[in-house]
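Let me begin by presenting the structure, written as structure tokens, before commenting on it.
The values are calculated or read from the model by the stated rules, or taken from the named source; none is laboratory data. Bear in mind the structure is a predicted one, so any value in this text is a computation, not a measurement. Cβ placement follows ideal geometry from the backbone for every residue including glycine, while neighbour counts extend to all protein chains displayed.
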Amino acid sequence: MFKIIKQLTSVVAMFAVLFAFSTETMAAKKSKTLENTKKRGFVRCGVSQGLPGFSNADESGNWTGIDVDVCRAVAAATLGDATKVKFTPLSAKERFTALTSGEIDILSRNTTWTLSRDADIGLTFVGVNFYDGQGFMVRKGSGISSTGEFKNGTSVCTNLGTTTELNMRDFFDSRGISYEPVVFEKADEVVAAYDAGRCDTYTTDKSGLAAQRTKLSAPDDHVVLPETISKEPLGPVVRQGDSVWEDIVRWSLNTMIEAEEYGVNSSNADMMKTSNNPAIKRLVGAEGELGAAFGLDNDWNLRIIKQVGNYGESYKRNIADTGILPDRGPNELWTKGGILYVPPAR
Amino acid sequence: MNNIIKRYIPQILAILFVVLIFGFLTLNAQTNMDNRGIDFGFGFLSQESSFDVQFSLIEYSGSDSYARAFLVGLLNTLLVSFISIIICTILGVIIGVARLSSNYLIKNSAAWYVEFFRNIPLLLQIFFWYYAALRALPMPEKADAWFGVTYMTVKGYYIPAMVWENLNVFLYCGLAAIIAIIVLRNYANKLRDTQGKQIPVLLYSVGLLIVLPLLSFLFGGVSLEFEIPELKKLSKISYIYEGGISLPPELIALVLALSLYTSTFVAECVRAGIEGVSKGQKEAAASVGLTPNQVLKLVIMPQALRIIIPPTTNQYLNLTKNSSLAAAIAYPDLVLVFAGTALMQTGKAIEIVSITMLTYLTISLTIAAVMNWYNKKIEIKEK
């Protein structure tokens, strides 16, 4: 009987998987997603609805940002052309359904890696491309200089369907402060509500605060408080069940980070083919058969570095030079005091 | 034999077709969910939700379960629907009657009102009230008092809260008044049918409703105090009102938009109902010596209601379903809390969407059942 009820209920609302035929098979070396991507001629990538520095479209529809660069790297590796990406802007609420239902193949949308997301809902996180933490923004005139000065009754604007909602509850609950959460689906609505004085403070990842501050009517009247109340490792996500595709995305990201570590960038990549260091030679496809493991040719990583650049170039172009977060903080290489550390490509 | 085949074969085929489609969809969903490693189950409902909700009618915190979060969202949906239905009915009746007025100004203002509010998409109206009208309100510290004790601010409408002592005695008195009114009405009807006497029932009813609860204040130990909202400083430049009740601007915008929009449809139903009663009825009633009041109450309204109720039911159903647009302006209704935050935190899309759909279906069917019952009660009884 229970089985019947279970089946009936699953019938009622299976939009996500309704007409999506079973596409994933457990093939050892073959990736269905890779095959489909090659057939289609472009990588389908889910991004944010506009977060400067991470994924943001200009007037003519060109996407830029470090999240965008991850998808471009995958396109360069698999299709040979970093511009062959179709970007789908998604709200926080839509993002996982879009991925699990097969509407997109990579979700690169400042998404926090957590246990329940990784294990529970058919997703796999492949790495971290930005180490972030949640913070608060307040008006300068308020005189508040630390999160310890929030009082009972503070209204807090934030985004729907994010880890932010949970962290903020943990934060205020543990301090015994009552607060009013005002939760919007779109980031722009949150910014507008905070700007209009609906809320006393605006909370999200600190990188997000820095980026959204530029959209306020008077950015200089606002300040981000120094405290960080959570760990937010942001990274690209793929669907569970296609481990080859998962590896391709993971190592495309790792290639960018390792390239920076070895000083390989978009302008010197070709010259590095004759380097004395075998690790560098592997990184530009001059030694070893690394691409074969994914069913790719041997120049896959060279193309990533040449067309997209290494992680440092991407960070500088998108986040430092735009004035969002000039200081790399934890997102510096482990060799330079940060925590960016990737397994060796060999 | 031939007849039986003709009659049953198409029906059996149709049923088979539906079963096959449903079977295929179920199987397809299960295969896809299995492949993607998504579990199906309702166990998450008893887990700790660990998120807070802006506005709740019942005690709720992040340490409560998802089931309770569902209840919070459901009650918020019911609250906004209930308030809006009452306002739109009152407004709708007034506007509908006004459209039939012989006064040129009243008649045309009502017509313009209907044409204006019914022809602008509801979502836009919600946005207008929320983003344009309510965002332009003053900050709490700059707000002037309305009626001396209420404050309309960008953070919400603050009104005094009632602090009761012995509230139950007061409620019992109210209940007693209602029972007395029902008894009185039955008695008055009987008197009218048997002896032809009329008693001013309405006058007595109002009297009873005022006097009995008043007595509870004098002799029942009931007392009522008002807790008036007071300005409190949160930081150098931000303030809030504490004490009293705070109605969030999201709720106000939603109620305004829903009730103004739906009232135009109700007004048209009312107008259609009254115009649907033929003139002869009114003239005949007047000619047997009924007063204009009696004509309206005993002849016109009973017939008009029969025409008004069924389409008005549709409007109530629409209003309730339209309340799900709340998600666009951060009012924590069922869709925002349960099909929004809870769905995102658990990832149980199929379970949560199906629960939400079944809930709206249940609410709609309940409203329809109540209205159908009322419709049955007032329809023509063939004797």
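Of the residues A:319, A:304, A:324, which is surrounded by 12 or more Cβ atoms within 10 Å (Cβ to Cβ), assigned by TED's automatic domain parsing to the domain that holds residue A:51, closer than 18 Å to residue A:205 by Cα and out of contact with any Leu (no Cβ under 9 Å at 6 or more places or on another chain)?
Details: A:319 fails: out of contact with any Leu (no Cβ under 9 Å at 6 or more places or on another chain); A:304 fails: closer than 18 Å to residue A:205 by Cα.
Step by step, each of A:319, A:304, A:324 is checked, and only A:324 is surrounded by 12 or more Cβ atoms within 10 Å (Cβ to Cβ), assigned by TED's automatic domain parsing to the domain that holds residue A:51, closer than 18 Å to residue A:205 by Cα and out of contact with any Leu (no Cβ under 9 Å at 6 or more places or on another chain).
Hey, does the range B:326-340 have a residue that's surrounded by fewer than 19 Cβ atoms within 10 Å (Cβ to Cβ) and either within 14 Å of chain A (Cβ to nearest Cβ) or not acidic (Asp, Glu) (or both)? Let's see the steps before the verdict.
Looking only at the range B:326-340, we keep the residues that are surrounded by fewer than 19 Cβ atoms within 10 Å (Cβ to Cβ), and these are none.
No, that holds for no residue.
Give the residues of the range B:79-109 that are touching a Leu at 6+ places or on another chain (Cβ under 9 Å) and not polar (S, T, N, Q), sorted by residue number.
Just the residues of the range B:79-109 that are touching a Leu at 6+ places or on another chain (Cβ under 9 Å), to begin with: B:79-81, B:83-85, B:87-88, B:91, B:107.
Once the filter is applied, which keeps residues that are touching a Leu at 6+ places or on another chain (Cβ under 9 Å) and not polar (S, T, N, Q), the range B:79-109 yields B:79, B:80, B:83, B:85, B:87, B:88, B:91, B:107.
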- Query: Name the pairs: first residue in the range A:310-334 and within 15 Å of residue A:68 (Cβ to Cβ), second residue β-branched (Val, Ile, Thr) and assigned to a loop (DSSP other than H, G, I, E, B), Cβ to Cβ under 9 Å, at least 6 apart or on different chains?
  - Reply: A:314/A:308; A:318/A:324; A:322/A:214; A:324/A:214
- Provide a single number: the residues in the range B:13-47 that are more than 9 Å from chain A (Cβ to nearest Cβ), out of contact with any Phe, Trp or Tyr (no Cβ under 8 Å at 6 or more places or on another chain) and modelled with pLDDT of 90 or more. 10
- Item | Which numbered condition residue A:207 fails, given (1) at pLDDT 90 or above; (2) in contact with a strand residue (DSSP E or B) (Cβ under 6 Å, 6 or more places away or on another chain) | (1)
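So which strands (runs of 3 or more DSSP E) stay within the range A:178-279 end to end and still have 2 or more residues that are free of Cβ contacts under 8 Å to residues at least 60 places away in the same chain and of a type in the set (A, V, I, L, M, F, W, C)?
A:179-184
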- Restricting the first residue to the range B:329-348 and requiring it to be on the phi > 0 side of the Ramachandran plot and in a loop (DSSP other than H, G, I, E, B), which pairs with a second residue that is charged (D, E, K, R) and surrounded by fewer than 23 Cβ atoms within 10 Å (Cβ to Cβ) meet a Cβ separation below 7 Å and a spacing of at least six or different chains? B:347/A:120
- Residue among A:280, A:229, A:248 that alone is under 30 Å from residue A:188 (Cα atoms), of a type outside the set (S, T, N, Q) and buried (at least 16 other Cβ atoms within 10 Å of the Cβ): A:229
- Criterion (touching a strand residue (DSSP E or B) at 6+ places or on another chain (Cβ under 6 Å) and surrounded by fewer than 23 Cβ atoms within 10 Å (Cβ to Cβ)) met by exactly one of B:280, B:347, B:289: B:347
- Query: Any idea which of B:308, B:352 is assigned to a helix (DSSP H, G or I), more than 14 Å from every other protein chain (Cβ to nearest Cβ) and surrounded by 20 or more Cβ atoms within 10 Å (Cβ to Cβ)?
  - Reply: B:308
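Take the residues of the range A:126-167 that are of a type in the set (S, T, N, Q) and assigned to a helix (DSSP H, G or I): which is surrounded by the most Cβ atoms within 10 Å (Cβ to Cβ)? Walk me through it before giving the result.
Taking the range A:126-167 and keeping what is of a type in the set (S, T, N, Q), we get A:129, A:134, A:142, A:145-147, A:152, A:154-155, A:158-159, A:162-164, A:167.
In the following step, the residues that additionally are assigned to a helix (DSSP H, G or I) were identified as A:142, A:147, A:163-164, A:167.
Details: A:142: 17, A:147: 20, A:163: 23, A:164: 26, A:167: 23.
Top of the filtered list is A:164.
Listed residues A:115, A:79, A:99; which is touching a Leu at 6+ places or on another chain (Cβ under 6 Å) and in the same structural domain as residue A:292 (by TED's automatic domain parsing)? Even if it seems obvious, please write down each step before you answer.
On the way: A:115 fails: touching a Leu at 6+ places or on another chain (Cβ under 6 Å); A:79 fails: touching a Leu at 6+ places or on another chain (Cβ under 6 Å).
Being touching a Leu at 6+ places or on another chain (Cβ under 6 Å) and in the same structural domain as residue A:292 (by TED's automatic domain parsing) holds for just one of A:115, A:79, A:99, which is A:99.
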- Scan A:127, A:208 and give me the residue that is assigned by TED's automatic domain parsing to the domain that holds residue A:70 and of a type outside the set (Asp, Glu). A:127
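Regarding the range A:282-300, can at least one residue be identified that is within 22 Å of the chain's Cα centre (by Cα), outside any loop (DSSP other than H, G, I, E, B) and not hydroxyl-bearing (Ser, Thr, Tyr)?
From the range A:282-300, those within 22 Å of the chain's Cα centre (by Cα) are A:300; that's our starting set.
The next check asks that each one be outside any loop (DSSP other than H, G, I, E, B); those that pass are A:300.
With not hydroxyl-bearing (Ser, Thr, Tyr) added as a condition, the list becomes A:300.
Yes, that holds for at least one residue.
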- Task: Among what's in the range B:327-367 and is over 18 Å from the mean Cα position of the chain (by Cα) and among the charged types (D, E, K, R), pick the residue that is modelled with the lowest pLDDT.
- Result: B:348
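Looking at the range B:196-243 only, could you name the residues that are within 12 Å of another protein chain (Cβ to nearest Cβ) and aromatic (Phe, Trp, Tyr)?
Initial filter on the range B:196-243 (within 12 Å of another protein chain (Cβ to nearest Cβ)): B:229-243.
Selection gives B:239, B:241.
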- Item | Whichever residue in the range B:141-155 is over 16 Å from residue A:200 (Cβ atoms) and of a type in the set (Val, Ile, Thr) and, among such residues, is surrounded by the fewest Cβ atoms within 10 Å (Cβ to Cβ) | B:149
- Note on the structure: All conditions in (1) at pLDDT 90 or above; (2) over 28 Å from residue A:191 (Cα atoms) are true of residue B:324 except (2)
- Task: State which residue is nearest to residue A:178 (Cα to Cα) when the search covers only the range B:60-71 and only residues that are surrounded by fewer than 17 Cβ atoms within 10 Å (Cβ to Cβ) and modelled with pLDDT under 90.
- Result: B:61
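Looking at the range A:91-125, which of the residues that are aliphatic (A, V, I, L, M) and buried (at least 21 other Cβ atoms within 10 Å of the Cβ) is nearest to the other protein chains (Cβ to nearest Cβ)?
Step one: filter the range A:91-125 for residues aliphatic (A, V, I, L, M), giving A:92, A:98-99, A:104, A:106-107, A:115, A:119, A:121, A:123.
Still in the list and also buried (at least 21 other Cβ atoms within 10 Å of the Cβ): A:92, A:99, A:104, A:106-107, A:121, A:123.
Details: A:92: 7, A:99: 10, A:104: 14, A:106: 15, A:107: 13, A:121: 3, A:123: 8 Å.
Checking each candidate, the answer is A:121.
Do we have residue A:241 as surrounded by fewer than 24 Cβ atoms within 10 Å (Cβ to Cβ) and within 16 Å of residue B:139 (Cβ to Cβ) here? Even if it seems obvious, please write down each step before you answer.
Working: surrounded by fewer than 24 Cβ atoms within 10 Å (Cβ to Cβ): yes; within 16 Å of residue B:139 (Cβ to Cβ): no.
Spelling it out, it is not the case that residue A:241 is surrounded by fewer than 24 Cβ atoms within 10 Å (Cβ to Cβ) and within 16 Å of residue B:139 (Cβ to Cβ).
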- Note on the structure: Of the residues in the range A:153-171, those that are more than 8 Å from chain B (Cβ to nearest Cβ) and over 24 Å from residue B:334 (Cβ atoms) come to A:167, A:171
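Checking the condition over 27 Å from residue A:163 (Cα atoms) and in contact with a helix residue (DSSP H, G or I) (Cβ under 7 Å, 6 or more places away or on another chain), which residue from A:237, A:284, A:249, A:223 passes?
On the way: A:237 fails: over 27 Å from residue A:163 (Cα atoms); A:249 fails: over 27 Å from residue A:163 (Cα atoms); A:223 fails: over 27 Å from residue A:163 (Cα atoms).
Checking each option against the conditions leaves just A:284.
Please indicate, with yes or no, whether at least one residue in the range A:168-177 is hydroxyl-bearing (Ser, Thr, Tyr), over 21 Å from the mean Cα position of the chain (by Cα) and crowded, with 22+ Cβ neighbours inside 10 Å.
Step one: filter the range A:168-177 for residues hydroxyl-bearing (Ser, Thr, Tyr), giving A:174.
Subsequent filtering for residues that are over 21 Å from the mean Cα position of the chain (by Cα) retains A:174.
Add one more test, that the residue is crowded, with 22+ Cβ neighbours inside 10 Å, and what stays is none.
No, every residue in the range A:168-177 fails to be hydroxyl-bearing (Ser, Thr, Tyr), over 21 Å from the mean Cα position of the chain (by Cα) and crowded, with 22+ Cβ neighbours inside 10 Å.
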- in contact with a Gly (Cβ under 6 Å, 6 or more places away or on another chain), closer than 28 Å to residue B:348 by Cβ and free of Cβ contacts under 8 Å to residues at least 60 places away in the same chain, is that true of residue A:100? no
- Residues of the range B:1-52 being part of a loop (DSSP other than H, G, I, E, B), among the hydrophobic types (A, V, I, L, M, F, W, C) and in contact (Cβ under 8 Å) with a residue 24 or more places away in the chain, which ones? B:40, B:42, B:51
